[in-house]
1. Looking at the structure I just gave you, is Val79 over 9 Å from the mean Cα position of the chain (by Cα), under 18 Å from Ile13 (Cα atoms) and touching a residue at least 12 places away in the same chain (Cβ under 8 Å)?
2. Select from the range 1-53 the residues that are under 17 Å from Ile83 (Cα atoms), among the hydrophobic types (A, V, I, L, M, F, W, C) and in contact with an Asp or Glu (Cβ under 9 Å, 6 or more places away or on another chain) and list them in ascending order.
3. Among the residues of the range 27-54, write down those that are among the acidic types (Asp, Glu), surrounded by 11 or more Cβ atoms within 10 Å (Cβ to Cβ) and assigned to a helix (DSSP H, G or I).
4. Looking at Met87 and the list (1) within 13 Å of the chain's Cα centre (by Cα); (2) of a type in the set (A, V, I, L, M, F, W, C); (3) farther than 21 Å from Ile10 by Cα, which single condition is not satisfied?
5. Just to be sure before I move on: is Arg80 in a helix (DSSP H, G or I) and surrounded by fewer than 15 Cβ atoms within 10 Å (Cβ to Cβ) in the structure I sent?
6. When Gly24 is evaluated against the numbered criteria (1) modelled with pLDDT of 90 or more; (2) surrounded by 13 or more Cβ atoms within 10 Å (Cβ to Cβ); (3) within 24 Å of Trp94 (Cα to Cα), which criterion, by number, is the only one it fails?
7. Could you list, in sequence order, the residues of the range 57-94 that are among the hydroxyl-bearing types (Ser, Thr, Tyr) and in contact with a helix residue (DSSP H, G or I) (Cβ under 9 Å, 6 or more places away or on another chain)?
8. Any idea which residue in the range 1-26 is nearest to the chain's Cα centre (by Cα), counting only those that are among the polar types (S, T, N, Q) and assigned to a helix (DSSP H, G or I)?
Amino acid sequence: MTKDKFDELIKNIWTEIINTRDQGQDEYARETSDVLANFKRIANWQGQEQEKVLMTYMLKHIDGIIAHINGHNSQRENVRGRITDVMVYCMLLWAMVEDAESTPH
């Protein structure tokens, strides 16, 4: 792949990441004031840390990516969608780290 094609691909990926995150916010967080609301709710219900909840969700997609790499292509979700979801989860995890570091203990 040429650098020009890769640069264009990166722009398209960022657009997809933003769209996926925005859709997830509407569907899962249910409120615009806290992008992590879904993880906090589930963590509270399960007596877990929100980071562990996020990792469970993300590992589902990583498992699908591994299946794709191993030749299993008859999945419900396209591998690009799974990769996008993992990228969004990484950004949400980053937000959790930022929150934890900025919250006085």
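The values are calculated or read from the model by the stated rules, or taken from the named source; none is laboratory data. In this text, all values refer to a predicted model and were calculated from it rather than measured experimentally. So basically every Cβ, Gly included, is an ideal-geometry build from the backbone, and we count neighbours across all protein chains shown.
1. On the way: over 9 Å from the mean Cα position of the chain (by Cα): yes; under 18 Å from Ile13 (Cα atoms): yes; touching a residue at least 12 places away in the same chain (Cβ under 8 Å): yes.
In short, yes.
2. none
3. Across the range 27-54, the qualifying residue is only Glu51.
4. With (1) within 13 Å of the chain's Cα centre (by Cα); (2) of a type in the set (A, V, I, L, M, F, W, C); (3) farther than 21 Å from Ile10 by Cα applied to Met87, the lone miss is (3).
5. Details: in a helix (DSSP H, G or I): yes; surrounded by fewer than 15 Cβ atoms within 10 Å (Cβ to Cβ): yes.
In short, yes.
6. The number of the failed condition is (1).
7. Narrowing the range 57-94 to residues among the hydroxyl-bearing types (Ser, Thr, Tyr): 57, 74, 84, 89.
Tyr57, Thr84, Tyr89, listed by residue number.
8. The first filter runs over the range 1-26 and keeps only residues among the polar types (S, T, N, Q), leaving 2, 12, 15, 19-20, 23, 25.
Subset that is assigned to a helix (DSSP H, G or I): 12, 15, 19-20, 23, 25.
On the way: Asn12: 17, Thr15: 14, Asn19: 12, Thr20: 8, Gln23: 11, Gln25: 11 Å.
Selected residue: Thr20.
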